[in-house]
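Before any comments, here is the structure.
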Amino acid sequence: MIQLFQLYKNFGSKNPALLDINLTVKKGEFVFITGPSGAGKTTLLKIIFCAERPTSGNALVDGRNLNRIKDRDLSLLRRSIGVVFQDFKLLPRRNVFENVALTLEIIGFPLSMIRKKVHQTLRYLSLTNKEGYYPPQLSGGEQQRVAIARAIVNNPLILLADEPTGNLDPDLTIEIMALLQEIHIRGTTVLVATHSQELLKDTTRRIVTLNKGRIA
Amino acid sequence: MKITLFHYFIRQATANILENRLVHLIGIGTMSIAFLIFYAFILIFVNINHWTETQGKTLTMSIYFKEEPDSAVIENIKKELFLFPGVTIKQFISKDDAMKSLRRKLGEKAGLLDGFKQNPLPASLEITLSRDKDGDNLPYQLKTRLEEITVVDEVQYTQEWIKRVQVIMEAIKIVGIIFGGLLFLAALFIITNTIKLTIYSRKEEIEILKLVGATNLFVKLPFMIEGSIQGLLGGAVALFILFLAYIIAITKIDISIGFASLHIVFLSPQTILFLLLMSVIIGFIGSTISVGRFFRL
């Protein structure tokens, strides 16, 4: 599903953010990307959903070469990747329903289908009673769940989650991780970037550790 | 385009306008002033053009008499007139009729005429001449011939005026094109900047839309529709103000050019539609320039 070959990423003249990354993630895998802050976890995810372009090397996602991808294909690729951002990136002027519906509106789903899918997803994430709320009216955990709802409403092939439990208390962390596991069981390839060793303590999932831009 | 997407774009565009209503109100206000000046120019042009066309089709001539002529004199002049082709006698206006007509026109100010011991207005005979290809010299020949008759004081006709007005019209046309061009640029500048402000206020939203898979066109279209709506509203407000000014003008002012009264007409429905379409196009171009610049950043 994801193949990275000799991937490098530089930002200006500073130390490279990513160095010689070689990584393959199979369809339906659940992978943790871990490492200390500044190790390159977020940059790696950004390259996968094309928010950043590699400086050199090759990246293939769902068979598409990201070095040569056109604008139109880029939009199509992003529609097949759900992203849960560290800072949620919810639209403050749209309510929960509208935030989640956004992904489907972009694709051009009919209104009735949008309503049905959004309600299903909100029910799945226990957000039904919050659909008219605006992000600033929600707690951190609720915002995180809305961000997850937006990422999964279109049944993406890949789900990328960047520090999905970074701002949450231990109870909510367990809840969110259980949700990600469930989404994985449904067949989605999941990559979770986290610096929390607590999360990885008892996991049987594959762990990829980054240190100073390299896979350790 | 799918109905859902179209619905989405219109909803987004109107939401953008409502959320940034102050910026849009200022934009629409400024733009309608620019449009109003341009439309007023067009209205003046249309009216002068209309006047010269209607006057040009049938040429009106007034024969003024030194004294009130008796019916025999009038009959003799009529006989003389029928020697010329295309002449139609419209009406004889006696001194009293002329005074009554003037009193009617002055309305409340008619009392001013009470100061005259004698009626100073001349009696006149109004005739029309149909225009034909050889007709250009005919009014002049007729005028010369009639002024030789001793009871006739003066002969006036509209063609002299039309020629003068046509020269002015040419000048107005050139000034109008230059002026219109400048106002077009001003309107474009206003729209470009208004849309730019709304784009910047939604920068984060645009970024998120792109990250969740929106195409450039999907992000751009609501802004383009927003600009078009702004253009349309600016144009509509300008036309509404112009219409109010027109209503005031036709009820309060009696405009005369020489002896020919100017009947003021408003812009035709086709012209109104064309001008509204123009303002939408200006709005669309302005916003397209704005989004184009933003997406190059």
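The value of relative contact order for chain B, using C-alpha pairs under 8 Å at least six residues apart, is 30 percent.
Dipole size of segment A:1-127 about its Cα centre, with +1 on Lys/Arg Cβ and -1 on Asp/Glu Cβ: approximately 300 debye, rounded to the nearest 20. Counting charges near residue A:35 (Lys, Arg +1; Asp, Glu -1) among other residues having Cβ under 14 Å from its Cβ returns a value of +1. Rolling a 1.4 Å probe across all protein chains gives residue A:62 an accessible area of roughly 60 Å².
This model, with +1 at the C-beta of Lys and Arg and -1 at the C-beta of Asp and Glu, gives chain B a dipole about its Cα centre of some 1380 debye.
Each listed q (0.05, 0.13 Å⁻¹) maps to a log10 I(q)/I(0) for the protein assembly as shown, found by the Debye formula over equal Cα scatterers with no solvent: -0.42, -1.20.
Each Cα pair under 8 Å and six or more residues apart adds its sequence gap; the mean of these over the residue count of segment A:63-207 is a relative contact order of 30 percent. Between helix B:71-81 and chain B, what is the angle of the helix's C-alpha long axis to the longest principal axis, kept within 0 to 90° and rounded to the nearest 10? In chain B, helix B:71-81 runs at an angle near 60 degrees to the longest axis. For chain A, the longest principal axis of the C-alpha atoms and the axis of helix A:96-107 are separated by about 60°. Near residue A:23: Cβ cut-off under 14 Å, other residues only, Lys/Arg at +1 and Asp/Glu at -1. The net charge is +3.
Listed by chain and number, the lysines whose C-alpha is less than 18 Å from the C-alpha of residue B:66, apart from same-chain residues fewer than 8 away, are B:78, B:95, B:117, B:143. Our helix-only sum for chain B, with -39,500 (n - 2.57) per DSSP H run of n ≥ 4 divided by its residues, gives a mean residue ellipticity at 222 nm of -24000 deg cm²/dmol.
Once all protein chains are placed together, residue B:263 keeps about 130 Å² accessible to a 1.4 angstrom probe.
Heavy-atom accessible surface of residue A:169, to the nearest 10 Å², is about 80 Å², with a 1.4 Å probe and all protein chains retained.
Counting only residues at least eight positions apart within a chain, or on another chain, the lysines with an alpha carbon under 26 Å from that of residue B:196 are A:89, B:210, B:220. Remark: the residue B:241-residue B:89 segment gains 50.5 nm on full extension, using 0.36 nm per residue and subtracting the alpha carbon distance. The lysines within cross-link reach of residue A:116, meaning a Cα-to-Cα straight distance under 22 Å and a gap of 8 or more places when in the same chain, are A:130, B:2.
Quick check: the angle from helix A:140-152's long axis to the longest principal axis of chain A, C-alpha only, nearest 10 degrees? Approximately 80 degrees, to the nearest 10.
The values are calculated or read from the model by the stated rules, or taken from the named source; none is laboratory data. All of these numbers come straight from a predicted model, not from anything done at the bench. Cβ: placed from backbone, ideal geometry, glycine included. Neighbour counts: every protein chain shown. In case anyone asks, the SASA skips ligands and DNA or RNA and just uses the protein heavy atoms, side chains included. Shrake-Rupley method; radii C 1.70, N 1.55, O 1.52, S 1.80 Å.
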